[in-house]
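Participant: The structure's right below; bear with me while I get my questions together.
The values are calculated or read from the model by the stated rules, or taken from the named source; none is laboratory data. What you are looking at is a predicted structure, and each value in this text was computed from that prediction instead of being measured. A quick note on method: Cβ atoms are made from the backbone with ideal geometry, for glycine too, and the neighbour counts reach across all protein chains shown.
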Amino acid sequence: MYNIVMNEFSLTTTNTDGYDTESVIGDFALAIDPMDETGPNPNAVLVADYASCFLPAVRMGAQQHGYDDLGEMAIDATATVDDHDDLQSISFTLKVEAAVEDPDELVALGEELCHVHAALREGLAADVTVEDEAF
């Protein structure tokens, strides 16, 4: 469980040396490494996070709009980065076991309900405060 206070949550990310980090989120630890040696890189984690939010958002939206069971679903995600490893594009191929009359409606439902989709907008950035001599 996260440390949740009202509509907020917190986690702790640490780095003892090198470039790899560990983020502790409730009872879970996630290793992230920009060098792809001890864990996935931050861009890959962001794309996986987006896909992991979008997929259940599609299912939830479909259920709310009267779709029959969509069966098994998967997302194949592709992302491109520039020469500085900054994300330039993300694309999803949404695979659905059931026949779907209006695939664009599923996309719209995912976009409407996926919190990560909503967060990926220009202007959203961390408000950073530095505490020196913290250790």
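Participant: Out of (1) modelled with pLDDT under 95; (2) under 21 Å from ASP127 (Cα atoms); (3) not polar (S, T, N, Q), what's the single condition that is false for GLU22?
Facilitator: (1)
Participant: So which residues in the range 52-65 are surrounded by 14 or more Cβ atoms within 10 Å (Cβ to Cβ), more than 11 Å from the chain's Cα centre (by Cα) and under 25 Å from SER23 (Cβ atoms), if there are any at all?
Facilitator: Correct list: ALA57 only.
Participant: Confirm whether GLN64 is among the polar types (S, T, N, Q), modelled with pLDDT of 95 or more and either in the same structural domain as VAL47 (by TED's automatic domain parsing) or in contact with a Leu (Cβ under 6 Å, 6 or more places away or on another chain) (or both). So that I can check it myself, show each step before the final result.
Facilitator: Details: among the polar types (S, T, N, Q): yes; modelled with pLDDT of 95 or more: yes; either in the same structural domain as VAL47 (by TED's automatic domain parsing) or in contact with a Leu (Cβ under 6 Å, 6 or more places away or on another chain) (or both): yes.
Yes: the conditions hold for GLN64.
Participant: Let me ask you something else. Go through ASP68, ASP104, ASP49, ASP76 for me and flag whichever is closer than 30 Å to GLU22 by Cβ, of a type in the set (Asp, Glu) and out of contact with any strand residue (DSSP E or B) (no Cβ under 9 Å at 6 or more places or on another chain).
Facilitator: Sole residue among the options that is closer than 30 Å to GLU22 by Cβ, of a type in the set (Asp, Glu) and out of contact with any strand residue (DSSP E or B) (no Cβ under 9 Å at 6 or more places or on another chain): ASP49.
Participant: Separate question: Scan ALA74, ALA79 and give me the residue that is touching a Lys or Arg at 6+ places or on another chain (Cβ under 6 Å), part of a strand (DSSP E or B) and over 21 Å from THR14 (Cβ atoms).
Facilitator: Values: ALA79 fails: touching a Lys or Arg at 6+ places or on another chain (Cβ under 6 Å).
Exactly one residue qualifies, and that residue is ALA74.
Participant: Continuing with the same structure: Can THR80 be described as under 18 Å from ALA126 (Cβ atoms) and among the hydroxyl-bearing types (Ser, Thr, Tyr)? Please lay out each step first, then the result.
Facilitator: Details: under 18 Å from ALA126 (Cβ atoms): no; among the hydroxyl-bearing types (Ser, Thr, Tyr): yes.
In short, no.
Participant: Sticking with this one: Of everything in the range 87-107 that's over 15 Å from the mean Cα position of the chain (by Cα) and surrounded by 14 or more Cβ atoms within 10 Å (Cβ to Cβ), which residue is farthest from ASN41 (Cα to Cα)? Before you say what the answer is, go through the steps one by one.
Facilitator: Taking the range 87-107 as the starting set, the residues that turn out to be over 15 Å from the mean Cα position of the chain (by Cα) are 88, 93-107.
Retained after the next criterion (residues that are surrounded by 14 or more Cβ atoms within 10 Å (Cβ to Cβ)): 94, 96, 100, 105-107.
Details: LEU94: 23, VAL96: 28, VAL100: 34, GLU105: 32, LEU106: 29, VAL107: 27 Å.
By that ranking, first place goes to VAL100.
Participant: A follow-up question, please. Take the residues in the range 20-38 that are of a type in the set (S, T, N, Q) and assigned to a strand (DSSP E or B), then tell me which one is surrounded by the fewest Cβ atoms within 10 Å (Cβ to Cβ).
Facilitator: Taking the range 20-38 first, the residues of a type in the set (S, T, N, Q) are 21, 23, 38.
From the residues that got through so far, the ones that are assigned to a strand (DSSP E or B) too are 21, 23.
Numbers: THR21: 17, SER23: 15.
The qualifying residue surrounded by the fewest Cβ atoms within 10 Å (Cβ to Cβ) is SER23.
Results for (1) free of Cβ contacts under 8 Å to residues at least 40 places away in the same chain; (2) under 23 Å from ALA79 (Cβ atoms), shown as yes or no for each residue.
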{"site": "ASN15", "(1), (2)": "yes, no"}
{"site": "LEU30", "(1), (2)": "yes, yes"}
{"site": "MET35", "(1), (2)": "yes, yes"}
{"site": "PRO40", "(1), (2)": "yes, yes"}
{"site": "VAL58", "(1), (2)": "no, yes"}
{"site": "HIS65", "(1), (2)": "no, no"}
